[in-house]
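Visitor: Below you'll find the structure I mean.
Read-outs: derived from the displayed coordinates by stated rules, not from any lab. This structure is a prediction, so every number in the text was calculated from the model and none was measured. Here Cβ is always computed from backbone atoms with ideal geometry, including for glycine, and neighbour counts include all displayed protein chains.
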Amino acid sequence: MGIFDWLFGKKEKKGELGLTKSQEDLLANINVDDLKTNIQSENNMEFYKSKDFINAINNISKSGVDIKIELHTTDDAFYEELLRDGEWNGKHFAILGTRWLRNAQVAWEDDLDSLLKQLEGKEINELGDGFYGWGLVGDDGGGPAEANGDAENGESAIKWFTASYWEQDKNEITLSDKELKEFEELSGEGDFGEPLSPIESLWNDWEEEEENILDLKMNKGAMFKIVVNVGDDIFVLKA
């Protein structure tokens, strides 16, 4: 049956879904997976696999046309890596911490080749800490600055030094058993009276107005869409 026969021809008995037998046969021949993989119009192409996204862009000429790249992320995609330092019992310390940014907006600052290279062998939801080429253009402020916990590999969240963390000639040291016992007995209370760990206690004693921001990073899995405009052609990669 042709499309015009389907629309205007002889009426057929409808099945449980409200479709005629011919309509059900046509729907049965549609490959849903193919529709999801690449939803294409004349100039707008959507992809769910980085490999297909890269191949499509590489197969068109980019000479003499404007290229625009947009990054779309979740509201809690980016965080600042902080450092607070000080002195306790004559020993200098440094503690790493984190502050999440609210509704951060970023812009792509590198070229297209750099983006495609970073996507090779990696899906969009795998991009994270090592993803580079973007810059922060705005946010709605940061959440509370919190000390990091000990790493899963056993590395302590606090490090001790012979001099200030910012001194070039400092050396990293370890506390003696006696000092470590005294440190582990250190306690404090949070803003709502909750007990604090020794590291949290030193972290909360910070009196400087400005934080030491070491780096701005992106959380893994926070990127859900990348849009690349090459002239009139639009390529969209979705998670």
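Visitor: Could you go through the stretch 182-188 in sequence order and give the Karplus-derived ³J(HN,Hα) for each residue, using 6.51 cos²θ - 1.76 cosθ + 1.60 with θ = phi - 60°, rounded to whole Hz, and x for Gly and Pro?
Guide: 5, 5, 5, 8, 5, 9, x
Visitor: Of Val228, Gly193, Trp203, which is farthest towards the positive pole of the stretch 193-238's charge dipole, taken about the Cα centre with +1 and -1 on the beta-carbons of Lys, Arg and Asp, Glu respectively?
Guide: Val228
Visitor: List the pairs from Lys62/Lys117; Lys159/Lys217; Lys170/Lys217 whose alpha-carbon separation is above 24 Å, in the order I gave them.
Guide: Result: Lys170/Lys217 exceed 24 Å.
Visitor: Place the peptides 138-148, 183-193 in order of packing, highest mean first, counting for every residue the other Cβ atoms within 10 Å and averaging per peptide.
Guide: Working: 138-148: 13.8, 183-193: 10.9.
The most tightly packed comes first, giving 138-148, 183-193.
Visitor: Still on this structure: Taking amide H positions as placed in the peptide plane 1.01 Å from N, state which residues far from Ala104 in sequence (5 or more) or on other chains have amide H under 5 Å from it.
Guide: Amide H neighbours of Ala104: Ala77, Phe78, Asp140.
Visitor: Any chance you could check the Cα centroid distance between the stretch 64-91 and the stretch 102-138 for me, in angstrom?
Guide: Between the Cα centres of the stretch 64-91 and the stretch 102-138 lies a distance of 12 Å.
Visitor: Turning to a different aspect of this structure: What is the stretch 88-193's relative contact order, in percent, from Cα pairs under 8 angstrom and six or more apart in sequence?
Guide: Here the relative contact order equals 35 percent.
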